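Novice: There's a structure below that I have some questions on.
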């Protein structure tokens, strides 16, 4: 099992919107020597074993000062929350379950749920072309379907050619409807034929969100509010910026200094959502409801990437050697990194939000931690069958 999960970790990469733990015993020893009170404080907060507290410490102790992790571990309808602040390598427990973080590319899950919701009502066919929602022909007269955008099989490049990344501290702010339409009419290119290969595309997800908005003649933010956030009780989630939101955790750059938040315009569907682990835990629990056809549609495999992974609508679908499916997505912006792993059949999930920059060289340990925590949830407890 450990080897399998290690292999899966190697197959995954952080989906940074700009392009985008080896010695556990030693780490645990340092953890015990440097702050012997951490374990008890953490367990008082969320009631998880000391070994898990040590694991979290080993994966986060090298992050910059004042970086935070907010963690939700979901087992059935029970949720354990755990929050940490890193103070020069010392782990300090904090209750940040309701604090707001940029979630980056996890936004794409909600853009896909929006597609599924409209499909369930017969307002959109996922296999129909998006072209007729635009009052002009696409360059090269190539057709693009909704489903191919949600599953990253459209063949579109990662970013549009006319998005110039001159300011990595806020790269999407000035890319609007005018720029996107100019790209579609004059510069549209494809890296490969549609449906042939998985190729992760922020352009594709942004185009999906914008086209869904056009189809309903409603803003993307309002569509998400009406069709995703309100139905699933995600009361703290929103698109874009809320002025003076004291709940928002400041993003940190690679060195730990505060960095600007990212603003999105027409490509909001790729990464504009801000949320909390409390809201994302509610979204995870909703996935356990077998009668929810909207969410179920997003989890249906649509494209086989390789022997290890398939694509649904938004979800990356991994399968372990026991045949258990793991649904996954992560996200990264200039000041934040996140990971979401879900096992609806076992009714388990782990969500990690952080203000660790996606450009930090050790940000991959957040992914590793998420895998390790969901492995822990899958370990048989006393009196349980494996």
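Novice: Limited to the range 283-310, what total is found for residues that are within 30 Å of residue 95 (Cα to Cα), within 19 Å of the chain's Cα centre (by Cα) and assigned to a loop (DSSP other than H, G, I, E, B)?
Specialist: Of all residues in the range 283-310, those within 30 Å of residue 95 (Cα to Cα) come to 283-289, 295.
Now restrict to residues that are within 19 Å of the chain's Cα centre (by Cα): 283-288, 295.
Those still in the list that are assigned to a loop (DSSP other than H, G, I, E, B) too: 288.
Total satisfying the criteria: 1.
Novice: Please pick out the residue among 297, 373, 342 that is surrounded by fewer than 23 Cβ atoms within 10 Å (Cβ to Cβ) and touching a helix residue (DSSP H, G or I) at 6+ places or on another chain (Cβ under 8 Å).
Specialist: None of the others qualify; the one that does is 297.
Novice: Report, by residue number, each residue of the range 321-339 that is in contact with a strand residue (DSSP E or B) (Cβ under 7 Å, 6 or more places away or on another chain), over 24 Å from residue 148 (Cα atoms) and surrounded by fewer than 23 Cβ atoms within 10 Å (Cβ to Cβ).
Specialist: Across the range 321-339, the qualifying residue is only 324.
Novice: Just to be sure before I move on: is residue 240 surrounded by fewer than 16 Cβ atoms within 10 Å (Cβ to Cβ), under 24 Å from residue 354 (Cα atoms) and touching a helix residue (DSSP H, G or I) at 6+ places or on another chain (Cβ under 9 Å) in the structure I sent? Step through it out loud before you land on a result.
Specialist: Working: surrounded by fewer than 16 Cβ atoms within 10 Å (Cβ to Cβ): yes; under 24 Å from residue 354 (Cα atoms): yes; touching a helix residue (DSSP H, G or I) at 6+ places or on another chain (Cβ under 9 Å): yes.
When the stated conditions are applied, residue 240 passes them.
Novice: Hey, any hits in the range 146-165 for a residue that's farther than 23 Å from residue 107 by Cα and in a loop (DSSP other than H, G, I, E, B)? Outline the logic, then answer.
Specialist: Keep residues of the range 146-165 that are farther than 23 Å from residue 107 by Cα, which gives none.
Checked against the condition, which is being farther than 23 Å from residue 107 by Cα and in a loop (DSSP other than H, G, I, E, B), the range 146-165 yields no hits at all.
Novice: Residue by residue through the range 84-98, note down the ones that are assigned to a strand (DSSP E or B), surrounded by fewer than 16 Cβ atoms within 10 Å (Cβ to Cβ) and in contact with a strand residue (DSSP E or B) (Cβ under 7 Å, 6 or more places away or on another chain).
Specialist: 92
Novice: Hey, among 209, 233, 195, which residue is in the same structural domain as residue 119 (by TED's automatic domain parsing), touching a strand residue (DSSP E or B) at 6+ places or on another chain (Cβ under 9 Å) and either part of a loop (DSSP other than H, G, I, E, B) or within 22 Å of residue 153 (Cβ to Cβ) (or both)? Lay out the reasoning, then the answer.
Specialist: On the way: 209 fails: touching a strand residue (DSSP E or B) at 6+ places or on another chain (Cβ under 9 Å); 233 fails: touching a strand residue (DSSP E or B) at 6+ places or on another chain (Cβ under 9 Å).
Matching residue, one of 209, 233, 195: 195.
Novice: Hey, another quick one. Which one of these is outside any strand (DSSP E or B), in contact with a helix residue (DSSP H, G or I) (Cβ under 7 Å, 6 or more places away or on another chain) and under 22 Å from residue 228 (Cβ atoms): 353, 313?
Specialist: When all the criteria are applied, what remains is 313.
Novice: Which condition number does residue 250 fail, the rest of (1) more than 26 Å from residue 182 (Cβ to Cβ); (2) surrounded by 24 or more Cβ atoms within 10 Å (Cβ to Cβ) being met?
Specialist: Here residue 250 meets the rest and fails (2).
Novice: (1) in contact with a helix residue (DSSP H, G or I) (Cβ under 8 Å, 6 or more places away or on another chain); (2) assigned to a loop (DSSP other than H, G, I, E, B); (3) farther than 30 Å from residue 193 by Cβ: which one isn't true of residue 280, the others all being true?
Specialist: (2)
Novice: Can you name every residue in the range 191-218 that is closer than 16 Å to residue 134 by Cα and surrounded by fewer than 24 Cβ atoms within 10 Å (Cβ to Cβ)? Before you say what the answer is, go through the steps one by one.
Specialist: Restricting attention to the range 191-218, the residues satisfying the condition of being closer than 16 Å to residue 134 by Cα are 204, 206-218.
Those that are closer than 16 Å to residue 134 by Cα and surrounded by fewer than 24 Cβ atoms within 10 Å (Cβ to Cβ): 211, 213, 214, 215, 216, 217, 218.
Novice: Hey, does the range 256-277 have a residue that's surrounded by fewer than 22 Cβ atoms within 10 Å (Cβ to Cβ), touching a strand residue (DSSP E or B) at 6+ places or on another chain (Cβ under 8 Å) and at negative phi?
Specialist: yes
Novice: Let me ask something additional. Quick one: would you say residue 283 is crowded, with 18+ Cβ neighbours inside 10 Å and within 17 Å of residue 112 (Cα to Cα)? Give the steps one after another, and end with the answer.
Specialist: Numbers: crowded, with 18+ Cβ neighbours inside 10 Å: yes; within 17 Å of residue 112 (Cα to Cα): yes.
Answer is yes for this residue.
The values are calculated or read from the model by the stated rules, or taken from the named source; none is laboratory data. As the structure is a prediction and not an experimental result, all values here were calculated from the model. As a convention, Cβ positions derive from the backbone with ideal geometry for all residues, glycine included, and neighbour counts pool all protein chains shown.
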